[in-house]
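*Asks:* For reference, the structure I am asking about is given below.
The values are calculated or read from the model by the stated rules, or taken from the named source; none is laboratory data. This structure is a prediction, so every number in the text was calculated from the model and none was measured. Glycine gets a Cβ as well: all are built from the backbone with ideal geometry, and neighbour counts include every protein chain shown. These accessible areas exclude ligands, DNA and RNA; they are computed on the full protein's heavy atoms, side chains included. Shrake-Rupley method; radii C 1.70, N 1.55, O 1.52, S 1.80 Å.
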Amino acid sequence: MNKLAGLVRTFAATAVLLSASIPAVQAQDVSEEQIKAARATIAALGVTNNFDNILPNLAERLKNTLIQASPNFQELITATVDEKALTLAARRADLEHEAATIYAKTFTLEELNAITEFYNSTAGKKLLNDGPIASREILKAADIWAAGVSRDLNTEATKSLDAKVGTSAPALVEGTPATPAQ
């Protein structure tokens, strides 16, 4: 059980160090109205939804580490870590407040309201939902377009240079033979 206590202390020290390295945003220069608008914007955008799994993932990682060190205490470790994780779940509100403060400092009240209004609209919801798919398709199209432009540039430049210099010029691109001028 001594190893277990050591691991818990190590994990706690690591968590403290990591949390100290993340700069906190001071809420002094934002109004409660801005925070309220920022919270609405964050909710409309789903900005913090990806953070919902942080605590459960940390708890699972800690359980795995502690169980590896003390497998005979698996049930006790699982129950204890789950209990402590549940007590820490309320701190999720701290992250929401920090996110709202960041948004309140970054955008004006009018901008926050406009962003929220747009992303709560049908078009805004569609953009949030389908935007990533469209972006992936655009990247695919850009890759195909770039390959075609590269091919055509190589072909046209090689033909032009061959015509100007003749067949004694080496190929411009490795693996692309110089074609004789006609």
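*Asks:* Projected area of segment 67-159, taken from the Cα convex hull and averaged over every viewing direction, in nm²? Before the final figure, lay out the partial values.
*Replies:* Values: hull surface 56.0 nm².
Approximately 14.0 nm², given one-decimal rounding.
*Asks:* Here's something else I'd like to know. Figure the gain on full extension for residue 60 and residue 102 (residue separation times 0.36 nm, minus the Cα-Cα span) and round it to one decimal in nm.
*Replies:* Details: separation 42, 0.36 × 42 = 15.12 nm, distance 2.93 nm.
Working it through step by step, the gained length comes to 12.2 nm.
*Asks:* Counting only protein heavy atoms and a 1.4 Å probe, tell me what percentage of segment 55-107's accessible area is made up of carbon and sulfur.
*Replies:* Values: 2030 of 3480 Å².
Looking at segment 55-107 in its full context, I get 58 percent from C and S.
*Asks:* To the nearest 0.05, how large is the calculated FRET efficiency for residue 68 and residue 113 if R₀ is 35 Å and r is the Cβ-Cβ distance? Provide the component values of the computation, followed by the final result.
*Replies:* Details: r = 50 Å, r/R0 = 1.44.
So the FRET efficiency works out to roughly 0.10.
*Asks:* OK, next. What whole-number value in Å² describes the accessible area per residue of segment 32-120 for a 1.4 Å probe?
*Replies:* Here the residues of segment 32-120 average 64 Å² of exposed surface.
*Asks:* With a ≥ b ≥ c taken as the square roots of the eigenvalues of the C-alpha gyration tensor of segment 122-162, please select rounded if a/c is under 1.5 and otherwise prolate if a/b is larger than b/c or oblate if it is not?
*Replies:* Details: a/c = 9.84, a/b = 5.60, b/c = 1.76.
In terms of gyration-tensor shape, prolate.
*Asks:* Roughly how compact is segment 31-117, stated as its Cα Rg over 2.2 N^0.38 Å to two decimals? Working shown, then result.
*Replies:* Working: Rg = 18.1 Å, N = 87, 2.2 N^0.38 = 12.0 Å.
Relative to the rule-of-thumb radius for its length, segment 31-117 sits at 1.51.
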